[in-house]
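A.B. asks: If you scroll down you'll find the structure; I have some questions about it.
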Amino acid sequence: MKSKRYMPKVIAGILCMMMVAGTVSAAAYSAGSVNVSQTASALTTAGNSSDKESGELTKNETVYVIANADGTPKKIIVSDWIKNPEKLNTINDKTNLEDVKNVKGDEKFTLNDDGMCVWDAQGNDIYYQGKGKDALPVDLSVSYILDGKSVSPDELKGKSGKLTIRYDYKNKQYETVNINGISRKIYVPFVMITGMILDNDKVNNVEVSSGKVINDGSHTIVAGFALPGMDESLNLKTDEIELPDYVEITADVTDFEIGTTITLATNDMFSDIDFSKADKKIEELEDKINKLTDGVEQLLDGSSKLYNGLATLADKSGDLIAGVKKLADGSKQLSDGASSLADGSKELDKGMKNLFNGISKLDKGTGKLEKGAKKLYKGVKSLNSGVKTLDKGAAGLDDGAESLQGGISQLYEGLSQLSGNSGSLQSGAKKVFESLLSTADKQLAAAGVTADKLTIDNYATVLDGIEKSLDKDAVYKLAYDTAYETVSNTVNAQKDLIKGQVEAAVRLKVLEGVLKQSGLGLTAEQYSAAVEGGQIDEATQAAINGAVDQQMASDEMKQTVDAQTEAQIKNLIDTNMESDDVVNQINAAVEKASTGAESIKSLKTQLDSFNTFYQGVISYTNGVDSASQGASQLVSGSTQLKDGTDQLHTGTSKLKKGAKKLKNGTSDLINEGIVPLKSGTSQLKSGAEKLKDGTSKLSKGAVTLSDGAKKLYTGVDVMKNGAKALVAGVGKLKDGSLKLRNGIQKLNDEGITAINDLVKGDAKELVERIKAISKVSSHYNSYGGITDNMAGKVDFIYKTDEK
């Protein structure tokens, strides 16, 4: 059935459009600067467009396959980029590549016993490259047909005719997945995009089987795509839709040469698709199809009833005409009466509204009066309670003032005695502190530490400075620098001797070279023995010595001697600095400084403790003096306070009596006057509101009734005049309803039922297969190897040779 094939074609068509869109972007280039590297760059950019940044370790891998013109691989080079967003110092990596080397940075790696590659990342991203040895997931095969005959790449050079280049892709990467209870083979969904650039002077009429051809006048860009294994993964029948698993390019060529082609293989597009809501959408679609089916069945049932009703109406059309005439006479009388009722109800409603407004204002006024009276009562009640409390407090305050006056006098006498001893206490504490500081000065001097004299104000700063100078790192640096200076001076004192030894060694090398050039066939050692034995004549000796002296006198040789002399001096210094004597001397100095720092820290802690006590003594004695002065002022103030409390107690007693009378009066006003008045106005307002609502509804209803009666009369009059036409129309409606019922029946049989079968069958399985494809795609994220804790993505770029 036609609708059974519709859904697979739509989904497959969408997949094809996605591929073509990616192909077009990959084939973009700038006119006037066309080269293969641009095409490779564009293809790689298109393949990486779905790359996402995240907070986890990510390995982005690009596999470069260098192939012959027929697609046979010659070399596999793999570039890996480990993104390190958390700036880790160490990264564990798994790789099966050979000849791994860092291509951007100086980070090193080590191999564990389990084969794990551990990078010393130092917080950086890692970029490395290696050689691949494993089989590729997709095999590429390129064939050439010229004028209907198969030719090899070598035979094609310089030929002309009708050329067909075919790129076949064999997908070997798959998983077995359970779909609806059956094991299915699902291939990793590689999108193969092949691009090439052709010279328009040598080609025309270029076509591609699946892809895009772009011509700028001087060059033609061809980009074709294929989805190897996708047909089997989706289980699409070839008579319905066929997804390409090859790319075929045809062109008319003249003096043709095979250029480099670039093929990108990527599965990013399917790895990033989220199908988590697909099942819900299918269920929603099924629900809507079920509702559509129920609706069509109801429509079919209703159309049958409509036909039956119209048939009955056609049979009774004579009685209908007589009834319409009687209805027209009655509707005229109803319209006249309703108009009179509407006029009277409007006047009644207007008067009722005026009455209700007046009663509403009265009710609001009594409400405000009641609220004000209640607030007054609450205030008077609070005043009465407060006056009682105030009276009790005044009596207690008077008694307390008398007791306070006696206590303040005793406090003043005691503080006066303490204040007299403050000077002696401060002086004694200061002498003890100064004695401790003097002892500390003697201890420092005995330890050989030179420092300012310690005082109460400066001891902390001085001791902190001493402790800092004894820091372990600072002492080590000082000891090391001192030793280095001593060793350097000792070695440099022997510089002339060292230089003489270097000159002798260099002169020996020069002699070797001169002897080799002279043709004597002697080494330097053999030459010296021959001279001593009198076997070399003086003229030859003079010539050789002259040649040696000339080279030794050159600036280049002098620089060589100086450079080797400095290198020898530096090597001797470094060797001496690493000797046990020098190392032990430096360590001994550091150990001694560490012990001294601990002693200084302990001394400062003891002095800090006494300083805390000393400052406390000062604060205490100053407080006692201030308290004594304040107590003297309190004695005078307590006498005045006692006189004031006597007067306050007398006044509060009078205020209490007046507040009680005011409270009783406001209570009577509320209960006997305002409450009954408020109740009456509320009842009056409620009744008026109900009456107003009734008259308003009556008025509106009367107007509505009048309008309706007039419309009824007009409509019935029109119906009376068109009764004959109505009868004829009913007959036509009867015939039309029969056609409507038959059409709905056909829609249900041929359309709705077919759609229902499709959604509940083919569409469900297709969605499950697409979900499986996405899952399998997400599993394949590396060619060269990857650890479980890394995210990853991998692209393959096949580069075929030019001929």
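The values are calculated or read from the model by the stated rules, or taken from the named source; none is laboratory data. Given the structure is predicted, the values throughout are model-derived calculations rather than measurements. When we count neighbours, we look across all protein chains shown, and the Cβ atoms used for this are built from the backbone with ideal geometry, even at glycine. Note: areas computed on protein heavy atoms with side chains; ligands, DNA, RNA excluded. Shrake-Rupley method; radii C 1.70, N 1.55, O 1.52, S 1.80 Å.
A.B. asks: Please enumerate the residues belonging to the stretch 84-99 that are within 10 Å of Gly115 (Cα to Cα) and open to solvent by less than 90 Å² (accessible area, probe 1.4 Å).
C.D. replies: Asp93, Thr95, Asn96
A.B. asks: I've got another one for you. Residue check: is Val432 at pLDDT 80 or above, touching an Asp or Glu at 6+ places or on another chain (Cβ under 8 Å) and either open to solvent by 80 Å² or more (accessible area, probe 1.4 Å) or farther than 30 Å from Ser679 by Cα (or both)?
C.D. replies: No: the conditions fail for Val432.
A.B. asks: Just the residues that are under 30 Å from Gly259 (Cβ atoms) and in contact with a strand residue (DSSP E or B) (Cβ under 8 Å, 6 or more places away or on another chain), please, taken from the stretch 779-803.
C.D. replies: Once the filter is applied, which keeps residues that are under 30 Å from Gly259 (Cβ atoms) and in contact with a strand residue (DSSP E or B) (Cβ under 8 Å, 6 or more places away or on another chain), the stretch 779-803 yields Tyr783, Gly784, Lys793, Val794, Asp795, Phe796, Ile797, Tyr798, Lys799, Thr800, Asp801.
A.B. asks: Which condition from (1) at pLDDT below 90; (2) under 60 Å from the mean Cα position of the chain (by Cα); (3) β-branched (Val, Ile, Thr) is the one that Thr560 breaks?
C.D. replies: Failed condition: (1).
A.B. asks: In this structure, does Val703 turn out to be at pLDDT 70 or above, open to solvent by less than 70 Å² (accessible area, probe 1.4 Å) and closer than 30 Å to Lys326 by Cβ?
C.D. replies: When the stated conditions are applied, Val703 passes them.
A.B. asks: Still on this structure, I have one more. Need pairs with beta-carbon distance below 6 Å; first residue open to solvent by 90 Å² or more (accessible area, probe 1.4 Å) and within the stretch 145-165, second not in a strand (DSSP E or B); sequence gap 6+ or separate chains.
C.D. replies: Correct list of pairs: Lys157/Glu257; Lys157/Lys803; Lys162/Asp147.
A.B. asks: Then there's this: What's the total number of residues in the stretch 446-474 that are open to solvent by 40 Å² or more (accessible area, probe 1.4 Å), modelled with pLDDT under 85 and out of contact with any Gly (no Cβ under 6 Å at 6 or more places or on another chain)?
C.D. replies: Matching residues across the stretch 446-474 total 13.
A.B. asks: Quick one: Lys133 ticks every box in (1) at pLDDT below 95; (2) surrounded by 13 or more Cβ atoms within 10 Å (Cβ to Cβ) except a single one, so which number is it?
C.D. replies: Among (1) at pLDDT below 95; (2) surrounded by 13 or more Cβ atoms within 10 Å (Cβ to Cβ), the lone unmet condition for Lys133 is (2).
A.B. asks: Same structure, new question: Can you find, within the stretch 111-130, the residue that is farthest from Asp245 (Cα to Cα) among those that are in a strand (DSSP E or B), touching a residue at least 40 places away in the same chain (Cβ under 8 Å) and open to solvent by 20 Å² or more (accessible area, probe 1.4 Å)?
C.D. replies: If we take residues in the stretch 111-130 being in a strand (DSSP E or B), touching a residue at least 40 places away in the same chain (Cβ under 8 Å) and open to solvent by 20 Å² or more (accessible area, probe 1.4 Å), then Tyr127 is farthest from Asp245 (Cα to Cα).
A.B. asks: Need a quick list: helices (runs of 4 or more DSSP H) entirely within the stretch 708-803 having at least 2 residues that are modelled with pLDDT under 70 and open to solvent by 60 Å² or more (accessible area, probe 1.4 Å).
C.D. replies: 723-747, 753-760
A.B. asks: What number of residues within the stretch 211-264 satisfy the criterion of being without any contact (Cβ under 8 Å) to a residue 12 or more places away in the chain and within 24 Å of Ile145 (Cα to Cα)?
C.D. replies: 2
A.B. asks: Which fully enclosed strands (runs of 3 or more DSSP E) of the stretch 166-238 have 2 or more residues being open to solvent by 50 Å² or more (accessible area, probe 1.4 Å) and touching a Ser or Thr at 6+ places or on another chain (Cβ under 9 Å)?
C.D. replies: Once the strands (runs of 3 or more DSSP E) in the stretch 166-238 are filtered for at least 2 residues that are open to solvent by 50 Å² or more (accessible area, probe 1.4 Å) and touching a Ser or Thr at 6+ places or on another chain (Cβ under 9 Å), what remains is 174-179, 182-187, 203-208, 211-215.
A.B. asks: Which residue is nearest to Ala567 (Cα to Cα), if the candidates are limited to the stretch 455-474 and must be acidic (Asp, Glu) and part of a helix (DSSP H, G or I)?
C.D. replies: Asp473
A.B. asks: In the stretch 76-110, which residue that is assigned to a loop (DSSP other than H, G, I, E, B) and at positive phi is modelled with the highest pLDDT?
C.D. replies: Across the stretch 76-110, the extreme among qualifying residues is Lys87.
A.B. asks: Would you please name the residue that is nearest to Ala451 (Cα to Cα), looking only at residues in the stretch 588-624 that are charged (D, E, K, R) and open to solvent by 70 Å² or more (accessible area, probe 1.4 Å)?
C.D. replies: Looking at the filtered set, the residue picked out is Lys601.
A.B. asks: Tell me yes or no: at least one residue of the stretch 243-256 is at pLDDT below 90, part of a helix (DSSP H, G or I), surrounded by 14 or more Cβ atoms within 10 Å (Cβ to Cβ) and not charged (D, E, K, R).
C.D. replies: no
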